[in-house]
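Only one structure is covered here, and it is reproduced in the block below.
The values are calculated or read from the model by the stated rules, or taken from the named source; none is laboratory data. A quick note: this is a predicted structure, and the numbers were derived from the prediction, not measured. Every residue, glycine among them, receives a Cβ derived from its backbone with ideal geometry; neighbour counts consider all protein chains shown. All accessible areas refer to the heavy atoms of the entire protein, side chains included, with ligands and DNA or RNA removed. Shrake-Rupley method; radii C 1.70, N 1.55, O 1.52, S 1.80 Å.
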Amino acid sequence: MKKVNGHEIIALFEKWSPKRFAMDGDPVGLHIGQLNRTVENVLVTLDVNEEVIDEAIRKGANLIIAHHPPIFRPLKSLLTDTPQGSMIEKCIKNDIAVYAAHTNLDVAPGGVNDMLAEKLGLVDTKIVESTHSESLYKLVVFSPATHADDIRQTLEKAGAGAIGDYVGCSFSASGIGRFTPVEGAEPFIGEMGKSEAVEEERIEVVVPGPIRSKVLKAMLEVHPYEEPAYDLVVLDQQSTDYGLGRVGKLLEKTTLGQFAELVKKAFDVPALRFVGDPNKQIRKVAVLGGDGNKYIGAAKRSGADVLVTGDLYYHVAHDAEAMGIAVIDPGHNIEKVMIEGVADYMQAACAQASYNVSFIESEIVTEPFTFI
Ligand SMILES: [Zn+2]
């Protein structure tokens, strides 16, 4: 097991939940501190407040991964006698870094929305609102056999070669590369004016469009040749869609009233509100963590009988009624499912990478409401 710093942990996290998945203007990423220090314990939390920082200190965690960004609006001043300022001061004094993964974690396959859908027992899930689609590229690079492993590892590290639930996918074939260095060349192998034949490997990987420059740059940095030969081509196959919310089927039909009871249990909330006839038949369910007021129409278009989301507004409830879609509001705090979800995912990913780090689930309740 290898000691790691914050950068290495976050690099692994961002393979799953890259920042480019975030909605415009959502301040995801490192909020407080730095990632250069060695990290042995990471605390995972939905929200960051002073109690959570105290918990991190108690449990020896110097990195916090949070869902809700602690600095949502830009600060004009940093006064340490305000609640937010005092919280930031405590982080800095105790060398605690805070990293936020918000809408990028909602969008990520296996992220918050998938975690919520799984809790509700939804099957055959699809995205409610597509936020962006990514085309796929194929990179073919020719490497001397001696450097092929280095290049494959670099490509994987840069994010190439991910297909579905598999990472590090590549294909390699051996062959002979031929070239003749001419005036001006400074060849890694070979002599001026003399034809060379070198044992090479042809390495092929897929590359998501948005990271192709980064992958190319990383490959060129480790490739030993002065003029590496490679092809980068866009693939004429369906691009991958990413987005917010998930819609899926329940294994058994139920009524809205019964389903509301199920939601209460699944998310461990003491009470909830819903809009719609309790006797309405429910089969197809949409779920969107956080504030889903803007997505009632998208949920209706997805064919859902009911949308489960937090922070429902009074007038939006009227709109939903008029549209004929039921809505269940179990509160924003249901996103706490990400605490266990992220801790489990990252613990497994770090174990696989032989990283010596533990993920701790925050036990601080950040539900601000009391239900009576
Ligand atoms: Zn939220």
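Among the listed residues ILE96, ILE88, which satisfies the condition of being open to solvent by less than 50 Å² (accessible area, probe 1.4 Å), touching a residue at least 40 places away in the same chain (Cβ under 8 Å), over 17 Å from the mean Cα position of the chain (by Cα) and within 19 Å of ILE9 (Cα to Cα)?
Residue meeting the stated conditions: ILE96.
Applying the set (1) within 30 Å of ASP165 (Cα to Cα); (2) in contact (Cβ under 8 Å) with a residue 12 or more places away in the chain; (3) among the aliphatic types (A, V, I, L, M) to LEU256 leaves exactly one unmet item: (1). The set of residues in region 95-113 that are out of contact with any strand residue (DSSP E or B) (no Cβ under 6 Å at 6 or more places or on another chain) and farther than 17 Å from ILE65 by Cα contains only PRO109.
Listed conditions (1) open to solvent by less than 40 Å² (accessible area, probe 1.4 Å); (2) within 16 Å of the ligand (Cβ to nearest atom) are all met by ARG73, apart from (1). Taking the criterion of being within 16 Å of the ligand (Cβ to nearest atom) and either in a helix (DSSP H, G or I) or surrounded by fewer than 20 Cβ atoms within 10 Å (Cβ to Cβ) (or both), the residues of region 32-68 that qualify are ASN49, VAL52, HIS68. Taking the criterion of being touching a residue at least 12 places away in the same chain (Cβ under 8 Å), assigned to a loop (DSSP other than H, G, I, E, B) and at negative phi, the residues of region 190-208 that qualify are LYS194, SER195. When region 349-363 is filtered for residues that are open to solvent by 30 Å² or more (accessible area, probe 1.4 Å), of a type in the set (A, V, I, L, M) and in contact (Cβ under 8 Å) with a residue 24 or more places away in the chain, the ones remaining, listed by number, are ALA353, ILE360. Selection of first residues in region 52-75 that are closer than 19 Å to VAL4 by Cα and of second residues that are within 15 Å of the ligand (Cβ to nearest atom), restricted to Cβ pairs under 6 Å at least 6 apart or on distinct chains, gives the following pairs, ordered by first then second residue: ILE65/VAL44. The set of residues from region 137-184 being surrounded by fewer than 15 Cβ atoms within 10 Å (Cβ to Cβ) and among the small types (Gly, Ala, Ser) comprises ALA145, GLY164, GLY168, ALA173, SER174, GLY175, GLY184.
If we keep just the residues of region 345-363 that are outside any helix (DSSP H, G or I) and aromatic (Phe, Trp, Tyr), which is farthest from the ligand (Cβ to nearest atom)? Filtering region 345-363 for residues that are outside any helix (DSSP H, G or I) and aromatic (Phe, Trp, Tyr), the one farthest from the ligand (Cβ to nearest atom) comes out as TYR355. Regarding LYS300, is this residue over 27 Å from THR131 (Cβ atoms) and of a type outside the set (Ser, Thr, Tyr)? Considered against the rule, which asks whether it is over 27 Å from THR131 (Cβ atoms) and of a type outside the set (Ser, Thr, Tyr), LYS300 comes out as no. Of the numbered criteria (1) outside any loop (DSSP other than H, G, I, E, B); (2) among the aliphatic types (A, V, I, L, M); (3) without any contact (Cβ under 8 Å) to a residue 24 or more places away in the chain, the one MET219 fails is (3).
Yes or no: VAL233 touching a residue at least 24 places away in the same chain (Cβ under 8 Å) and more than 30 Å from PRO368 (Cα to Cα)? Spelling it out, VAL233 is indeed touching a residue at least 24 places away in the same chain (Cβ under 8 Å) and more than 30 Å from PRO368 (Cα to Cα).
Outside any strand (DSSP E or B) and either modelled with pLDDT of 95 or more or touching a Ser or Thr at 6+ places or on another chain (Cβ under 7 Å) (or both): is that true of ASP231 in this structure?
It is false that ASP231 is outside any strand (DSSP E or B) and either modelled with pLDDT of 95 or more or touching a Ser or Thr at 6+ places or on another chain (Cβ under 7 Å) (or both).
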